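K.L.:
Below you will find the structure I want to go over with you.
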Amino acid sequence: MKNENCEKKMDEFLALDKNERLPLSLTLHLLSCKKCRSQVHYLTLAERYASEPIHAASAKELFATRQPLKPVSMTKWIVWGTIMLLLMVTFGIFLNRIDHAAIFFHVLFGILVTAYCVLFVATNMDFFIKKIDKSPVL
């Protein structure tokens, strides 16, 4: 019941012209309903910000604010990748004699390799995005 009333009151507010006086029923509802009051506040702020003039920045200002590429340290990724490969080979040799363990082994290390790749890309996302932005257009 309250949600329907709130929706009606928000529709009533949105139907008003700019700087039009609020009806008494809407004012009372806004005084009693925190959710609607905050929505009206945010809508008012958004309208104020949208009406401000846009200042176009020069190309020099835009490029001056860009941060240089942070170098990606590949050392820890290579070390952990090598450790992971050595473990795969070691477990593969020792578990090759047991059939049901080999299936579990392949699935487990498939998941580990996938997680490794996802973590590598996720932790270096800023680097990859900036590299893509700098690449020449074909």
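The values are calculated or read from the model by the stated rules, or taken from the named source; none is laboratory data. In this text, all values refer to a predicted model and were calculated from it rather than measured experimentally. Virtual Cβ from ideal backbone geometry, glycine too; neighbours counted across all protein chains shown. Accessible surface areas use protein heavy atoms only, side chains included; no ligands, DNA or RNA. Shrake-Rupley method; radii C 1.70, N 1.55, O 1.52, S 1.80 Å.
K.L.:
Applying 1/(1 + (r/R0)^6) with R0 = 30 Å to the Cβ-Cβ distance of TYR42 and ILE129, what FRET efficiency is obtained, to the nearest 0.05?
P.N.:
0.50
K.L.:
Probe radius 1.4 Å, ligands and nucleic acids left out: which of ARG48, ARG37 has the largest accessible area, and how do the rest follow?
P.N.:
ARG48, ARG37
K.L.:
Can you tell me the FRET efficiency between GLU12 and GLU52 if r is taken as the Cβ-Cβ distance and R0 is 22 Å, rounded to the nearest 0.05?
P.N.:
0.25
K.L.:
ALA122 to MET84: extension gain in nm, 0.36 nm per residue of separation minus the Cα-Cα distance? Before the final figure, lay out each step's value.
P.N.:
Numbers: separation 38, 0.36 × 38 = 13.68 nm, distance 1.88 nm.
Gain on stretching ALA122 to MET84: 11.8 nm.
K.L.:
Let me ask something else. By how many nm would the segment from LEU31 to HIS100 grow when fully extended, if each residue of separation counts as 0.36 nm and the alpha-carbon distance is taken off?
P.N.:
Separation in residues times 0.36 nm, less the Cα-Cα distance, equals 18.1 nm.
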